[in-house]
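Asker: Provided herewith is a single structure, encoded as structure tokens, for subsequent inquiry.
The values are calculated or read from the model by the stated rules, or taken from the named source; none is laboratory data. Every value quoted in this text rests on a predicted model; they were computed, and no experiment measured them. Quick reminder, even Gly has a Cβ in these numbers, built from the backbone with ideal geometry, and neighbours come from all protein chains shown.
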Amino acid sequence: MRCLELFCGIGGFAAAVQGHANVVGALDLSGHAIEVYRHNFHDHGARQAHLEHLDEAEIFGYEADLWWMSPPCQPYTTRGHQRDLEDHRARSLIRIMALIERQGPAHVAMENVPGFQGSDAHALVLRTLSDAGYEVAERLLCPTELGVPAQRERYYLVASRRGLRPREKREAAAMRPLADFLMAPTDEELGQVVVPEEALAKHGPGMRIFDLREEPGRIANTFTGAYGKTWQAAGAYLRMADGRVRRFTPREMLGLMGFSPDFGFPDHVSLRQRYKLIGNSLSVWAMREVLSALIPSLSGAETPVDAKASEALALP
Ligand SMILES: C[S@@+](CC[C@H](N)C(=O)[O-])C[C@H]1O[C@@H](n2cnc3c(N)ncnc32)[C@H](O)[C@@H]1O
């Protein structure tokens, strides 16, 4: 299957379908994201592009069977003021819907925040796809339902003109302990992720700090793009054996999201940028589950339950 990855970011879609489908193009506005994307997926033709100005000849020229998109979520979040289709960041989605109306691919799939459901943009997507003859399935899915101890509930939609594969009934997955996803930080990482005493004194009471020795069953709250910038409401922290508190490292966050241990960043990308790009990305595990309605081989792909931790684990 030929896939076009729109709003590609660092390539959560590419990571999910690797070995199962061909990504023939990947587009995003952010130069940082495209750089990281290319570092990991050299041959997907990733390039910087403003999707609201997407050229018709270019998009149809990819001859893609599937258009994947994870458009900006700010128009549908309280933080983003919920301006919905009035928000300038919704224009790219409106443009893509107009292109689908003209000549959509065989399959379309998308991801967004739960608040997308019930928005005017949601109604526009459903109307466009139904008028163009797609069968549509939607769901909210959180990786915790797949046994991943990290929340990231998202809205997912899959649509096809050729019919969708029915969803498989699955046993509820056993929750893996969060400690399975920890990796002893290198000295360099530790120097970057330990929370300074002053920050802890000021913001500690509002931070979610886990001591996994005492509470091994903790589940990380959603990591957002602001995790490297603000102390509260952007993700969880770990108390170390020596009493200090640290952030999760980017490697640990990527592991929790289901990216391969080989995924990396160009050296000059700052820690804050890494956190931002990962926080904006998506759960590869959840994606595989959802996309298996269109790409059947994904239902046999590695799941969080059989994934092995990439290193020997020791609570740091
Ligand atoms: C929710 S993130 C998607 C992240 C991606 N799925 C990943 O795995 O990293 C939304 C992305 O849309 C991009 N974006 C926002 N507005 C855009 C526009 N008008 N044209 C192209 N990309 C845009 C942002 O740079 C960001 O990478």
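Asker: For region 17-39, give me the residue count where each residue is more than 11 Å from the ligand (Cβ to nearest atom), part of a helix (DSSP H, G or I) and closer than 26 Å to Ser299 by Cα. First the steps, then the outcome.
Answerer: Residues of region 17-39 that are more than 11 Å from the ligand (Cβ to nearest atom), as a first pass: 17-25, 35, 38-39.
Checking which are part of a helix (DSSP H, G or I) leaves us with 17, 35, 38-39.
Cutting the leftovers down to closer than 26 Å to Ser299 by Cα gives us 17.
Number of matching residues: 1.
Asker: Which one is farthest from Glu101 (Cα to Cα) among residues in region 40-68 that are within 9 Å of the ligand (Cβ to nearest atom) and surrounded by fewer than 15 Cβ atoms within 10 Å (Cβ to Cβ)? First the steps, then the outcome.
Answerer: Initial filter on region 40-68 (within 9 Å of the ligand (Cβ to nearest atom)): 48-54, 68.
Then drop every residue that is not surrounded by fewer than 15 Cβ atoms within 10 Å (Cβ to Cβ), which leaves 48, 50, 53.
On the way: Gln48: 24, His50: 20, His53: 16 Å.
Checked region 40-68; the qualifying residue farthest from Glu101 (Cα to Cα) is Gln48.
Asker: Does region 146-156 contain at least one residue that is at negative phi, in a helix (DSSP H, G or I) and surrounded by 19 or more Cβ atoms within 10 Å (Cβ to Cβ)?
Answerer: yes
Conditions tested, residue by residue: (1) within 17 Å of Leu282 (Cα to Cα); (2) outside any helix (DSSP H, G or I); (3) in contact with a Ser or Thr (Cβ under 7 Å, 6 or more places away or on another chain).
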{"residue": "Thr144", "(1), (2), (3)": "yes, no, no"}
{"residue": "Lys169", "(1), (2), (3)": "no, yes, no"}
{"residue": "Arg176", "(1), (2), (3)": "no, yes, no"}
{"residue": "Asp180", "(1), (2), (3)": "no, no, no"}
{"residue": "Glu214", "(1), (2), (3)": "no, yes, no"}
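Per-residue answers, yes or no, for (1) acidic (Asp, Glu); (2) over 29 Å from Gln151 (Cα atoms):
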| residue | (1), (2) |
| --- | --- |
| Glu63 | yes, yes |
| Cys73 | no, no |
| Gln82 | no, no |
| Ile100 | no, yes |
| Gln103 | no, yes |
| Ala106 | no, yes |
| Ala109 | no, no |
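Asker: Same structure again: Of everything in region 1-16, what is more than 22 Å from Leu93 (Cβ to Cβ) and within 9 Å of the ligand (Cβ to nearest atom)? Give them in sequence order.
Answerer: Within region 1-16, just Ala15 meets the criteria.
Asker: Select, from Thr224, Thr230, the only residue that is over 26 Å from His42 (Cβ atoms) and either in the same structural domain as Gln74 (by TED's automatic domain parsing) or without any contact (Cβ under 8 Å) to a residue 12 or more places away in the chain (or both). If you could, list the steps in order and put the result at the bottom.
Answerer: Values: Thr224 fails: either in the same structural domain as Gln74 (by TED's automatic domain parsing) or without any contact (Cβ under 8 Å) to a residue 12 or more places away in the chain (or both).
Step by step, each of Thr224, Thr230 is checked, and only Thr230 is over 26 Å from His42 (Cβ atoms) and either in the same structural domain as Gln74 (by TED's automatic domain parsing) or without any contact (Cβ under 8 Å) to a residue 12 or more places away in the chain (or both).
Asker: If you take the residues of region 239-294 that are of a type in the set (A, V, I, L, M), over 15 Å from the mean Cα position of the chain (by Cα) and crowded, with 24+ Cβ neighbours inside 10 Å, which of them is nearest to Ala137 (Cα to Cα)? Let's see the steps before the verdict.
Answerer: Residues of region 239-294 that are of a type in the set (A, V, I, L, M), as a first pass: 240-241, 245, 253-254, 256-257, 269, 271, 277-278, 282, 284, 286-287, 290-291, 293-294.
Right, trim to over 15 Å from the mean Cα position of the chain (by Cα) and you get 240-241, 245, 269, 271, 293-294.
If we keep only those that are crowded, with 24+ Cβ neighbours inside 10 Å as well, we get 293-294.
On the way: Ala293: 9, Leu294: 11 Å.
Per the stated criteria, the residue is Ala293.
Asker: Also, I was wondering about something else. For region 69-90, name all the residues that are more than 15 Å from the ligand (Cβ to nearest atom) and part of a helix (DSSP H, G or I). It would help to see each step written out before you state the result.
Answerer: Let us first name the residues in region 69-90 that are more than 15 Å from the ligand (Cβ to nearest atom), namely 78, 81-82, 84, 86.
Within region 69-90, Asp84, Glu86 meet the criteria.
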